[in-house]
Amino acid sequence: MSNPLLEVKDLKKHYPIKGSSLFGSKHVLKAVDGVSFSIEKGETFGLVGESGCGKSTVGRSIIRLHDITSGNIYLDGADISTLNEKSLKKYRRRMQAVFQDPYASLNPTMNVFELISEPMKIHGNPSVAEQKETILHLLDQVGLKKDHLYRYPHEFSGGQRQRVSIARALSVKPDFILCDEPISALDVSVQAQVINMLEDIQAETGVTYLFIAHDLSMVRHISDRIGVMYLGNIVEIGSSEELYSNPLHPYTQALLSAIPEPDPTIEKRERIILQGEVPSPLHSPSGCKFRTRCPHAMTICQEVVPEMMEVETGHQVACHLFSK
Ligand code: SF4
């Protein structure tokens, strides 16, 4: 039975660009242009796509780091899409985030104890002894040691800093964590460790993740379901297994064909080289936004925006090749 923690309905985030045309009228950059999906409690939903496709804007919109243009975001059934800062406060604890660059997101003048206790103090009033007890447990949970407690961010490796960021996010017992490219800046060997740790934490706490990445192989490992984004829209959603074994959208097929297959017993996918560049979100093509690069584009693709449709249970795609 469906039990979503998070529901996103027709989310749009547009940025008007002042004076961008000859007569000073506004152009609109459509960073996110009508995105809908839901995430079950305790599920990991992966969001993938090339740089600039809008995936990080979706994540930041969900945790309300900025206002949205239109649409709805429901957390446990409550519409948080238009709440002001005061009304949002009770939801802020429940939604935490881990970003790509832990060095930028951790205050370099604070030690680990101060960094992790800061959100705890904002969202409650635990005693110093309670804070310390919780933080020592969190350090153990993220694979850091007791004697790391009073060290500063510059004294850690990139992987250890990301562990501190994760402990900080966990310190207020969130229901949902936005993981926005959390492993992209880490060495490959460390990436797998952080992914395994996130999985262990989820098994222990039941936390729900939105995992944003451009590396499809890591997303496959951690995600239960995956959404593929292109130019501000989701073009395909499916279970991790289904999406990788049976990609339907030509863009998903092209992305997957670029991943090396480590298992020699599995037949390699034919490499699909996409022609041209991703168009600017200021001047998106009519109809299907992928049509300028799609090897299967037809006349209808130029004229009609393809609707998202369910092709098999839980597997949705927006492409005229699958229109009935
Ligand atoms: Fe290609 Fe047309 Fe499908 Fe778009 S709708 S992905 S252009 S076939």
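Rule-based calculations on the coordinates, nothing more; no lab input. Being a predicted model, the structure only gives us computed values, none of them experimental. Using ideal geometry, Cβ is built from the backbone for each residue, glycine included, and neighbour counts are taken over all protein chains shown.
You can think of it this way: the chain between Ser286 and Asp147 has 44.2 nm of extra reach, that is 0.36 nm per residue less the Cα-Cα gap. Between helix 128-141 and the chain there is an angle of about 50 degrees, using the helix long axis and the longest principal axis of the Cα atoms. A Förster radius of 22 Å, combined with the Cβ-Cβ distance separating Met298 from Gln275, puts the computed FRET efficiency at roughly 0.85.
Per 0.36 nm of contour for each residue apart, how much would the distance between Ser70 and Asp10 grow if the chain were fully extended, relative to their Cα-Cα spacing?
Extra length available between Ser70 and Asp10 comes to 20.8 nm.
Can you tell me which of Ser217, Ser189, Ser239 moves the most in a GNM of the chain? Springs connect C-alpha atoms under 10 Å apart. Looking only at Ser217, Ser189, Ser239, the largest GNM fluctuation is found for Ser189.
Listed highest first by mean packing, meaning other Cβ atoms within 10 Å per residue, what order do 242-255, 134-147, 294-307 come in?
Working: 242-255: 20.3, 134-147: 16.4, 294-307: 14.4.
Packing proxy ranking, top to bottom: 242-255, 134-147, 294-307.
Taking only C-alpha pairs under 8 Å that are 6+ residues apart, what is the relative contact order of the chain in percent?
Relative contact order here is 19 percent.
Between 0 and 90 degrees, the angle of helix 188-205 with respect to the longest Cα principal axis of the chain falls at about 70 degrees. About its Cα centre, segment 23-66 has a charge dipole of approximately 240 debye under the convention of +1 per Lys or Arg Cβ and -1 per Asp or Glu Cβ, with nothing else charged. For segment 106-214, the Cβ-based charge dipole about the Cα centre amounts to some 260 debye (Lys, Arg positive; Asp, Glu negative; other atoms uncharged). The lysine pair tally for segment 91-250, using Cα distances under 15 Å and a gap of 8 or more places or different chains, is 4.
Taking all Cα pairs closer than 8 Å and separated by 6 or more residues, the relative contact order of segment 186-324 comes to 20 percent. Peptides 86-97, 122-133 ranked from most to least packed give 86-97, 122-133, packing being the mean of other C-beta atoms within 10 angstrom over each peptide's residues.
Approximating the spin labels as points 7 Å out from Cα along Cα→Cβ, the Leu88-to-Thr313 distance works out to 3.8 nm. Under the criterion of Cα pairs below 8 Å and six or more residues apart, the relative contact order for segment 1-121 equals 26 percent.
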